[in-house]
1. Please state the equivalent ellipsoid semi-axes for the range 63-218: what are the square roots of 5 times the Cα gyration tensor eigenvalues, largest first, in whole Å?
2. Once the piece of chain linking Lys192 and Val218 is laid out straight, how much longer is it, given 0.36 nm per residue of separation minus the C-alpha distance between them?
3. Quote the accessible area belonging to Cys98 in square angstrom, nearest 10, computed with a 1.4 Å probe and with ligands, DNA and RNA left uncounted.
4. Can you give the net charge of the other residues whose Cβ lies under 12 Å from the Cβ of Gln99, counting K and R as +1 and D and E as -1?
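The values are calculated or read from the model by the stated rules, or taken from the named source; none is laboratory data. Everything numeric in this text was worked out from a predicted model, so none of it was measured. Here the Cβ is made from the backbone with ideal geometry for all residues, glycine too, and neighbour counts use every protein chain on show. Heavy atoms of the whole protein, side chains included, go into the accessibility calculation; ligands, DNA and RNA do not. Shrake-Rupley method; radii C 1.70, N 1.55, O 1.52, S 1.80 Å.
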Amino acid sequence: MHKILNLKNADGLTGLELIIAIAVICIFIYLFAGIIFNASMPDMNHKSPGGIVGFAVSETGYLLIVDGDCYGMQDTGGTAGTITLVSENPSSSAMGSCQIPVKLVTGSTGAIEMDGAEIVFTYKNKSEKLSYSGNNPLFKPAWTISDKSGVIPFQDADEDLLLEPNEIFTILVYQSTPVEAYDSFQVSLTPKSSLPLDIGFKVPPQIRQNRIVTLLPV
């Protein structure tokens, strides 16, 4: 019995017995250290991660980014994704609405209630606040979600308004003032539980001939 536990007599142990004895000692030290740590830090058992790493996890869990190209549509009504747009004073030379696909940053662990978000649309130094609308057809001024998809191919988003990891929501912005070709504008999207997503665009001249154009980043 003393031969197995006394490492001074290791010469009499087989290689397997020596490995097992060392492993048992390491496990005992690990468990003992864990007990001492938990006893000295009781409040840590019920708190969210702190410090720099915890802050980073918290922030990236609720951080929006743009996913791919953004599009502007003539101010002539029609359909954008699943939404019908109503334009009471149409203008084929100006952009009446735009679509911005957004998702959570890679590695996110949280979800965002998108219907509680606020959009501020700024054009020619004038800002307009837009609230979410679930109406279809859609009237100015408002914003809505015109499409949902998944980051992973063939994996679509579910039906709720929570933007979750691996989901893409296409935001449809329908502001009061149309944006003329060559002009620039800014969109600030601020969910209640996330940092603002601020982006700027320029309307290309092709909007005069084409109903839909790819917006230029600025």
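1. The answer is 25, 16, 15 Å, longest axis first.
2. 6.8 nm
3. 0 Å²
4. Computed value for this residue: -3.
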